[in-house]
Amino acid sequence: MRKPGGPGTQDECASTTEVVAAIESLSAEQYYRLKRFAQWRMRGIGRAALGRNYDSLLAQAVVSTLEGSESETKGRKWARNRVPFVEHLFGAMRSISTHWKDAYERRGMEAELLDCEAATEDETGNVSRPSDLAIDPTADPLRSYMGREALEALDNHFSGDEDALLVIEARKEGMSVARMVADLGLTEKRVNAATQRIRYFLRRIL
C-alpha cells in the first residue's frame with residue numbers, strides 16, 4: 001500500500017503483517033515509554049477521559065494502525081520507511097487523545113449527562129462515575145502557564161523527536177532530570193539536549 005508523501009515522493013505504508021511484526025518486536029523499554037506517554041496524555045485530557053485509561057488510548061492507537069493497514073480510507077497509516085513505529089504510535093495517541101478532548105468540549109453538558117448515566121452504585125450506596133477517575137487538567141501548572149496553543153505547537157514541532165516528546169510530558173509531571181534518567185531510560189545528556197531544543201523553540205514562539 002502506498003500513499004503520497006509530498007511532491008515527487010511516496011511513503012510506503014505498512015501492511016498488516018508488517019504492523020503485527022512491529023508490535024511483536026517492541027522492546028520492554030519501548031513499551032514502557034508508550035505506556036508512560038499514554039498515561040500522561042490521559043492525565044492531560046482530564047474529565048474528557050470519561051473512564052478511559054492509558055490502556056484504552058494505547059489500544060486504540062494500535063487498532064487504528066491495524067485498520068489503516070487493511071483499508072485505503074480508514075484507520076491510521078504507518079509510513080514505515082519514514083517514521084519509526086514507536087514515533088508513529090506517539091503521534092497516533094496524541095491525535096486520538098486530542099480528538100477525545102475536543103469532542104468532549106464540543107458536547108458540553110451532554111458529556112456531563114453521559115457521565116451521570118454511566119455512574120454505578122455499589123452495595124453500600126457509593127456512587128462511582130467515569131469522571132472520578134480523571135484528573136482535572138487545570139491542576140497541570142505547565143498547561144496553565146503555557147496555554148493550549150503553545151502545547152499544541154510543541155506537540156506539532158517535535159512530532160518526530162521522541163526524546164523531546166518524552167521530556168515535554170515529563171516536565172508536565174514535574175519530573176526532575178534525575179527521575180527522567182531513572183524512569184525513562186534516557187541519559188542525562190539526551191535529556192539536557194532535548195531540553196535545550198525545547199527552550200530554543202519556546203523562545204521563538206513566546
Practice problem: Whole number in Å², please: accessible area per residue of region 26-72, 1.4 Å probe, ligands, DNA and RNA not counted. | Solution: 44
Quiz item: With Cβ to Cβ distances under 13 Å as the rule, what net charge do the other residues near residue 87 carry (K, R +1; D, E -1)?
Solution: +1
Quiz item: If Lys and Arg each add +1 and Asp and Glu each add -1, what is the summed charge of the other residues whose beta carbon sits under 10 Å from the beta carbon of residue 16?
Solution: -3
Self-check item: Chain lengthening between residue 201 and residue 151 when straightened (0.36 nm per residue, less Cα-Cα)
Solution: 16.8 nm
Quiz item: What is the local net charge at residue 166, summed over the other residues whose Cβ is closer than 15 Å to its Cβ (Lys, Arg +1; Asp, Glu -1)?
Solution: +2
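The values are calculated or read from the model by the stated rules, or taken from the named source; none is laboratory data. These numbers were taken from a predicted model, which means no experiment stands behind them. Reconstructed Cβ throughout: ideal geometry from the backbone, glycine too, with neighbour counts over all protein chains shown. These area figures cover heavy atoms from the full protein model, side chains too; ligands, DNA and RNA do not enter into them. Shrake-Rupley method; radii C 1.70, N 1.55, O 1.52, S 1.80 Å.
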